[in-house]
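Visitor: To start, I am sharing the structure in question, which I have written as structure tokens.
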Amino acid sequence: MGYRKGYFKKDGTYVQAHFTNTRSRSYSKKNSGCMLLLLITMTFGLAVSCSESSDSNSNCPTKTCGDFTTQAQAQATYDSNRNCYKNLDRDGNGKACESLK
């Protein structure tokens, strides 16, 4: 709220000083619409980030190259489910655990 000084009208009458609302009604309606849009955007963004973080391969066992003694064993496991064991092929060339012999 703002304080408005007293003033004279054109017809010569004096209006005493008083408090006034500094915001118009149309401004507050526009502001609530922006807030609603912001809230919807944040909710949608949170839903998308949560869906991307949930891994569809969560039922896959965790295997690393240290779990295998030969490259052939690692390759057979990798070939059985490439999506589940994609961490066995670090460079993405289709060969699992190339450091093993």
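Visitor: Do you know which residues across region 79-101 are polar (S, T, N, Q), modelled with pLDDT under 90 and part of a loop (DSSP other than H, G, I, E, B)?
Guide: Once the filter is applied, which keeps residues that are polar (S, T, N, Q), modelled with pLDDT under 90 and part of a loop (DSSP other than H, G, I, E, B), region 79-101 yields ASN81, ASN83, SER99.
Yes or no, residue by residue, for (1) modelled with pLDDT of 75 or more; (2) over 30 Å from ARG90 (Cβ atoms); (3) out of contact with any helix residue (DSSP H, G or I) (no Cβ under 8 Å at 6 or more places or on another chain); (4) open to solvent by less than 100 Å² (accessible area, probe 1.4 Å):
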| site | (1), (2), (3), (4) |
| --- | --- |
| GLY6 | yes, yes, yes, yes |
| HIS18 | yes, yes, yes, yes |
| ARG23 | no, yes, yes, no |
| PHE44 | yes, yes, yes, no |
| SER51 | no, no, yes, yes |
| THR77 | yes, no, no, yes |
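The values are calculated or read from the model by the stated rules, or taken from the named source; none is laboratory data. What you see is a predicted model; the values in this text were computed from it and never measured. Ideal geometry is used to build each Cβ from the backbone, glycine not excepted, and the neighbour counts take in all protein chains shown. Heavy atoms of the whole protein, side chains included, go into the accessibility calculation; ligands, DNA and RNA do not. Shrake-Rupley method; radii C 1.70, N 1.55, O 1.52, S 1.80 Å.
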